[in-house]
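The structure under discussion appears below in the form of structure tokens.
Nothing in this text is a laboratory measurement; each read-out follows from the coordinates by a stated rule. Predicted model, so just to flag it, every value in this text is computed and none were measured. Backbone-built Cβ (ideal geometry, glycine too); neighbour counts: all protein chains shown.
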Amino acid sequence: MRRATLVSLLILVGCAQRAADAQDLVGRFMEARIRRIALEQAERHGLWMQELPPDPLGVPSDTIRAWLRSFLEEPVEEASEPVLPPIRVDSVRVIRKLERPAFIDRFTGVSWAFLQGRTFSVLDTTATSDLRARLEAHFGPPTRTLAEVDSVESRPREEVIQFEYWLVVNDSIPVAIVDVNGFVDRGLVFASDARYRNRMAELRNAVLEPLLDPAAREPYVDYYYHVDSRGWFVSGFDGASFFTRRIVRPDLSRGRPFIGTYASQPAER
């Protein structure tokens, strides 16, 4: 029994040795195959690989480095838009009340753009009632006032105006100067052809620059309807002071109010 066991053990060891030899043979074959492929690649492409730059990792110092470099490097000038010549106003024609249909027909296809209260200029911070007196001095009576608006009480708030000036600048540019909030507001709405949208403030200043003359005021009076209180007022300038009075609903069929009805007498000024 012991002899048989020993023989069996020797047989198993011999089989294991042959299996190891076979495994080693496979490994040597694979190693030789890899070497052969490597040699073929070396003969085709050379023995040296192309050197590649390192792939940087993002670190907080990169941001600081770029910030410091911005102080040392010369700034790159970006291409700027061509400088346009300043807008020059050669002529201003005020559209009178009876000329409104012709103005509408001429500019019926115009897309309008509006400018209001975007800066802290004198034209934006001056009381609307004061600007109205200045407009009267330079352009005369408005093109349209509340007296020419039908069904005032039933209109939306934005359609209840105190006055509008319609102008034609340089014989071709339509302009509207509108008061939409009455004597309680400051500044005016300035509107013109949308082609001048990017230069609207420049156009507004060129047209209304004469209003900045402190002595340029003329007496006027206008009706105004206050939407919230549903009350009617007259507001104006009598040559010495500004006034606002609440009144009963006026008869708009009679047209615009007369300054003599509401202005103070000379002895009262």
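Quick one: if the Förster radius is 25 Å, what FRET efficiency do D228 and D251 give, using the C-beta to C-beta distance and rounding to 0.05?
E between D228 and D251, to the nearest 0.05, is 0.60.
Suppose the chain between A194 and F242 were pulled fully straight at 0.36 nm per residue; how much longer would it get relative to their current alpha carbon spacing?
Taking 0.36 nm per residue and subtracting the Cα distance, the gain is 13.8 nm.
With each pseudo-label sitting 7 Å past Cα toward Cβ, what's the V184-W112 distance in nm, one decimal?
Here the modelled spin labels are 2.3 nm apart.
Under 8 Å for C-alpha pairs, at least 6 residues apart: give me the relative contact order for the range 102-247, rounded to a whole percent.
28 percent
For the range 136-146, what does the Karplus curve 6.51 cos²θ - 1.76 cosθ + 1.60, with θ = phi - 60°, yield as ³J(HN,Hα) per residue in whole Hz, taken in order and with x for Gly and Pro?
Per-residue couplings from phi come out as 4, 5, 9, 10, x, x, x, 5, 8, 10, 4 Hz.
Can you give me the pair-distance distribution of the range 110-231, C-alpha pairs, 5 Å bins, whole percents?
Cα pair-distance distribution for the range 110-231, in percent: 2, 11, 21, 24, 21, 14, 6, 1, 0.
Extension gain Y262-D213, at 0.36 nm per residue separation less the Cα-Cα distance, in nm?
Here the answer is 15.1 nm.
Can you give the FRET efficiency for E153 and I104, using 1/(1 + (r/R0)^6), R0 = 22 Å, r = Cβ-Cβ distance, to the nearest 0.05?
0.35
Would you please state which residues of the range 86-102 a label at N170 would reach in this model, taking the label point 7 Å out along Cα→Cβ and a backbone N cut-off of under 18 Å?
Output list for this probe position: 86-94.
What ranking do 94-105, 199-210, 135-146 get when scored by the average of other Cβ atoms within 10 Å per residue, highest first?
135-146, 199-210, 94-105
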